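Read the figures in this text as sums done on the coordinates, not as results from a lab. Owing to the predicted nature of the structure, the values given are computational and were not obtained by experimental measurement. When we count neighbours, we look across all protein chains shown, and the Cβ atoms used for this are built from the backbone with ideal geometry, even at glycine.
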Amino acid sequence: MGLQDSELLKKYINFDEKRAGSSSRAIMYGLLATFGGFLFGYDTGTISGVMAMDYVKSHFPNNKTNFTSGESSLIVSILSVGTFCGALGAPLFSDRIGRRWTIILSTLIVFNLGVILQTAASEKKLLIAGRAIAGLGVGLISSVVPIFISETAPRWIRGSIVSTYQFMITIGLLVAACANKGTSTRDDSGSYRIPIGIQLAWGLLLGIGFFFAPDTPRFWISVSKEEKAKESLSRLRQLPVDHPDLIDEYEEIRANFEYESQFGNASWLQVFKNVNRQPRRLFTGCALQALQQLTGINFIFYFGTQFFTSSGIEDPFLIQLATNIVNVGSTIPGIILVETWGRRSLMLFGSSVMAVSQLIVAIVGVAQPHAKAANQTLVAFSCIFIAGFACSWGPLAWAICSENFSLNVRQKSISITTAFNWLFNFAIAYATPYLVDPGKGNANLGSKVFFIWGGCNVIGGLFVYFMIFEAKGLSLEQVDEMYMKVKHAWQSKNFVPSVHAFRDETTGVHRISSEMKDNVVHVEEDSV
């Protein structure tokens, strides 16, 4: 019995018609790829706790007592500089050596080198260099993993598997919080070297695991390796290469790629050409990733331990652990509901929950700073905010971007949108200490910073309503058709593709119809 036969899963997932072959292997490879999110989550969670450890504060800062705002900004944000460069550089590797080898090299060489340098560090310079190099690896991984998943997963579960990438980020954050809690009281270098050094194991697991995974059939088609594309499909669908349904799917992916290639090769210039509403799609992806960072989530996970300490909360390490548990648990409903509620509904729900929660935190923090009841309210609504993010904007920003672009410009477009994520990640990580901390030259906002995050989430909700198209239940090729035929995002939930998927676990449509071609020309001339 396959996954499609499960009565429990049928309640949450639209399997469409019965398909030949099996989904299990494609899902297994997709879940393996999501482990890349664990690497990022663990690294993010580690640095927050490490910088609050007594041993680290007595050895790394210049004044040997605590980090200045400038030191905190540089150490935390330097990872994002590396990730920004890695994300933009991903197409240089992914479009040439493939998604699979890019992930292998990014983890086994680049990321692990950064971890080794951080573990060996006994002063700031080496720690900063290690975080920059590790960030380069994380940036490459974060740009390629969503593409690998979207190009291999069956369409009926594609959104859920890509969303699992965010779930693995939350697992990484939680494990890091546990590691920090376990070593925070040590009065030696093991306090930071143990939680940092453990990352080597995570990099080895992902890199070695991908030696056993195939590259995506869409990549092989894009480099004219037809036999390898069929072999990849055969492994993913668990069908013989001469099976009619597998041949059918291969032909549709190939036909769609050849059709898209008529409008230009996969150059960087092509990414910005007004074909198939590409400029609008690129703007949507970039703004979505920027707004995900502006939700304020990384304020909690980068600086949460220090913030809770300054707010007068006892045992901030324990509170940070609790927020990570909420983050993990709340991501699961988003993974389950993304293919039933849809992208738009979940995102709008999340924006509302986050905005209200943050405004309450800001108001209470300003009205009754350091009061016990105020601290309890701060923790409670911080957790509600995290829950709202974890079930919506956390996983779905990655899912939406991974399915938003045509094949011939997909890797470059996703690299740009991912780079925007890391650019704003860097800006927030660098600016936050200056916004929140007391002292000369700092804004000393404290809890008032949540007014900023709350306002950004109101803007995010409006952006979802006007700009995010609903891709629930659509193949990647049908998403292309939707952008050609539907003018406004709020009308997209009523879109019906002109050609439906065929019998197998397809990710393509039967033929590029003349109606679609006409729409492409119309869009190219008249729409953005």
Just how far, in whole angstrom, is the range 307-338 from the range 393-467 if you go by their alpha carbon centroids?
19
So if I take the alpha carbon set of the range 250-364, get Rg, then get Rh from the Kirkwood formula, what is the Rg over Rh ratio?
1.15
Counting every C-alpha pair in the chain, the percent lying more than 42 Å apart is 18
Of the candidates T417, G197, Y483, the farthest towards the positive dipole end of the chain (Lys/Arg Cβ +1, Asp/Glu Cβ -1, centred on the Cα centre) is G197
Is it possible to state the helix-based mean residue ellipticity at 222 nm for the chain, with each DSSP H run of 4+ residues giving -39500 (n - 2.57), the sum divided by total residues, to the nearest 500 deg cm²/dmol? What is it?
-22500 deg cm²/dmol
Could you give the longest part of the chain that holds none of the trypsin sites (Lys or Arg not before Pro) found in DSSP loops with at most 15 neighbouring Cβ atoms within 10 Å?
274-439
P(r) of the range 307-369 over all Cα-Cα pairs, binned every 10 Å from zero, in whole percent
17, 35, 32, 15, 1
Between A367 and I459, what FRET efficiency comes out of the Förster formula 1/(1 + (r/R0)^6) with R0 = 22 Å and r the beta carbon distance, rounded to 0.05?
0.35
Here the residues of the range 33-76 lying in the modelled label zone of L318, meaning backbone nitrogen under 20 Å from a point 7 Å along Cα-to-Cβ, are 49-50, 52-54
Which of I221, F35, P154 sits farthest toward the positive end of the charge dipole of the chain, with +1 on the Cβ of Lys and Arg and -1 on the Cβ of Asp and Glu?
F35
If the convex hull of the alpha-carbon atoms of the range 232-291 is projected onto planes in all directions, what is the mean projected area in square nanometres?
5.9
Of L288, F93, V496, whose Cα points farthest to the positive end of the dipole of the chain (charges on the beta-carbon: +1 Lys, Arg; -1 Asp, Glu; origin at the Cα centre)?
L288
Rounding to the nearest 20 debye, state how big the charge dipole of the range 132-231 is about its Cα centre with +1 on each Lys and Arg Cβ and -1 on each Asp and Glu Cβ.
180
For the range 366-427, the fraction of alpha-carbon pairs in successive 5 Å shells from zero, as %:
4, 15, 14, 16, 13, 11, 9, 7, 6, 3, 2, 0
Do you know the relative contact order of the chain, to the nearest whole percent, from alpha carbon pairs under 8 angstrom that are 6+ apart?
23
Assigning unit charges at the beta carbon (Lys, Arg +1; Asp, Glu -1) and nothing else, what dipole magnitude in debye, to the nearest 20, does the chain show about its Cα centre?
880
Restricting everything to alpha-carbon atoms, can you work out Rg to Rh for the range 19-129 with a Kirkwood hydrodynamic radius?
1.10
Over all pairs of distinct alpha carbons, what does the Kirkwood formula give as the hydrodynamic radius of the range 445-500, in Å?
13.2
With R₀ set to 30 angstrom, the calculated FRET efficiency between the beta-carbons of R25 and T340, to the nearest 0.05, is 0.75
Taking Cα centroids, how far is the range 362-390 from the range 152-180 in Å?
26
What per residue convex hull volume, in Å³, do the alpha-carbon atoms of the range 78-218 yield?
102
Within the chain, longest stretch clear of exposed GluC sites (Glu not before Pro) (DSSP loop, no more than 14 other Cβ within 10 Å):
315-528
Debye intensity ratio in log₁₀ form over the Cα atoms of the range 33-75, taken at each q of 0.14, 0.21 Å⁻¹
-0.40, -0.68
Kirkwood hydrodynamic radius (Cα pairs, Å) of the range 302-424?
16.1
